[in-house]
1. Restricting to the stretch 303-323, name every residue that is part of a loop (DSSP other than H, G, I, E, B) and open to solvent by 50 Å² or more (accessible area, probe 1.4 Å).
2. Would you confirm whether any residue within the stretch 207-219 is farther than 28 Å from residue 292 by Cβ, in contact with a Ser or Thr (Cβ under 8 Å, 6 or more places away or on another chain) and not aromatic (Phe, Trp, Tyr)?
3. Check the stretch 65-83 and report whether any residue there is touching a helix residue (DSSP H, G or I) at 6+ places or on another chain (Cβ under 8 Å), outside any helix (DSSP H, G or I), open to solvent by 70 Å² or more (accessible area, probe 1.4 Å) and at pLDDT below 95.
4. Out of (1) loosely packed, with under 15 Cβ neighbours inside 10 Å; (2) modelled with pLDDT of 90 or more, the odd one out for residue 196 is which?
5. Residues of the stretch 277-297 being of a type in the set (Gly, Ala, Ser), open to solvent by 70 Å² or more (accessible area, probe 1.4 Å) and farther than 29 Å from residue 224 by Cβ, which ones?
6. For residue 216, work out the one condition from (1) at pLDDT 95 or above; (2) crowded, with 18+ Cβ neighbours inside 10 Å it doesn't fulfil.
7. Kindly indicate the residue of the stretch 152-193 that is under 48 Å from the mean Cα position of the chain (by Cα) and hydroxyl-bearing (Ser, Thr, Tyr) and also surrounded by the most Cβ atoms within 10 Å (Cβ to Cβ) among those meeting that condition.
8. Just the residues that are closer than 16 Å to residue 69 by Cα and out of contact with any Gly (no Cβ under 9 Å at 6 or more places or on another chain), please, taken from the stretch 338-365.
Amino acid sequence: MKGAVGAIDLAGRECVDNSKRARIADALLFSIAVIAAVGCSEKADHAASAPAPAVVVYEVTAKPVGTYREFVGRTEASKKVDLKARVEGELISRHFVEGALVSDGQLLFEIDDAPYRAALQSAEAELERATSEVERTEKEFARGKQLAPDGYLSQQDLDKLKAAASQAKSALKAAQSNLKNSHINLSYTRISAPFSGLVGKARYNVGEIVGPTSEPLAELSASDPIYVNFQLEESAYISYLQQRHSADSINQDSPVDIALRLPNNDIYPRPGTLTFADTKIDATMGSVNLRAEFANSRGLVMPGMYVTVLAEGRDKQTMPVIPQAAVQSGQDGYSVLVVDDDNKVAQRILQMGRRLGPMWAVTNGLEAGEHIIIDGLQKVHAGIVVAPEVRDVDPVTGAIAADSE
């Protein structure tokens, strides 16, 4: 009997323990739920109170932009001449510094003129003799014409006097020509600059024998203005001619502006002018040779340089222009992040035109007055709200203007 009572008592205690454990478990679950709810509420409150990310935006502006092409060009001196010896002799002096600028008419080389002075004196003496001979024969022929009618001189002798006078005149002309050549040869012993320019390296030293068959003594070139030669495909050249000679064209000036980019990527400060187009199309290349001319008083552009010719049409269209730093490239093409009036970010796919230094023309997808993100792109995405700050961009350097505050 006692055993039965003990079993009943034990079962009762186990039931009480199970009930307590259930109540404890329920309390724990409730506590966990409360804590989780509080945590979510705190996170929601924190998210709601987090400030919008700050970004720098640029107000899109529009400017006139023309059609644009770039060409590889080669510079060439507008004047170039090889200085050669036109008479033979010893080179006795040089009157310039190699690579220096020389002026028009400046003496550059001298060849020993002693033989040519002697030849000149001989020619002068021959001219005097020929002149005297002409005077003598003409006098004799004049007397003969007076005596012949009276029979004091036969016709045969008179003809001889006439022939002698004629021969003397021919000899005089030869002497005059010889004297002139002697003066010319003597002048060739002094080699002067035919125009102002830069003289190159002298190929012969003083003391060497030079002559008409020798290599050029030096090269003289003028690079103000400087020529730039380049090529244009025939289809584009025909379009250029049609535009230039169109019926509504006001004048016959070139419809393009020409500029030059130097090998160090600097833009040459002086504009160029198209001055020559070949009269035929190169059959092998399908292009025409063109030449532009640039003022070059400082000699900054040297002959033989590879440069880039920049051609922009004068017929321009107004296009939005934005900083290149704002443009992103992806599978869908080029895009920017636009901030609307509610400061909400949206991605915009664009069609891009020509580059203008650090700027980029937009042909489709954007309008002037809209705002695009130019700094802070890495911390935003489409759909979020941002805190924009409008700043300007230097169109030459691409630098973002400092905070106005």
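1. Just the residues of the stretch 303-323 that are part of a loop (DSSP other than H, G, I, E, B), to begin with: 303-305.
Once the filter is applied, which keeps residues that are part of a loop (DSSP other than H, G, I, E, B) and open to solvent by 50 Å² or more (accessible area, probe 1.4 Å), the stretch 303-323 yields only 303.
2. Within the stretch 207-219, not a single residue is farther than 28 Å from residue 292 by Cβ, in contact with a Ser or Thr (Cβ under 8 Å, 6 or more places away or on another chain) and not aromatic (Phe, Trp, Tyr).
3. Narrowing the stretch 65-83 to residues touching a helix residue (DSSP H, G or I) at 6+ places or on another chain (Cβ under 8 Å): 69.
Okay, now just the ones that are also outside any helix (DSSP H, G or I), so 69.
Right, trim to open to solvent by 70 Å² or more (accessible area, probe 1.4 Å) and you get 69.
Then drop every residue that is not at pLDDT below 95, which leaves 69.
Yes: one or more hits.
4. Going through (1) loosely packed, with under 15 Cβ neighbours inside 10 Å; (2) modelled with pLDDT of 90 or more one by one, residue 196 breaks only (1).
5. Step one: filter the stretch 277-297 for residues of a type in the set (Gly, Ala, Ser), giving 277, 283, 286-287, 292, 295, 297.
Right, trim to open to solvent by 70 Å² or more (accessible area, probe 1.4 Å) and you get 283, 297.
Of everything in the stretch 277-297, just one residue is of a type in the set (Gly, Ala, Ser), open to solvent by 70 Å² or more (accessible area, probe 1.4 Å) and farther than 29 Å from residue 224 by Cβ, namely 283.
6. (2)
7. Looking at the filtered set, the residue picked out is 189.
8. 353, 355, 356
The values are calculated or read from the model by the stated rules, or taken from the named source; none is laboratory data. Note that the structure is a prediction, hence the values are computed from the model and not measured. Heads up, the Cβs are rebuilt from the backbone with ideal geometry, glycines too, and the neighbour counts pull from every protein chain shown. Please note that ligands, DNA and RNA were not included when accessible areas were found on the heavy atoms of the full protein model with its side chains. Shrake-Rupley method; radii C 1.70, N 1.55, O 1.52, S 1.80 Å.
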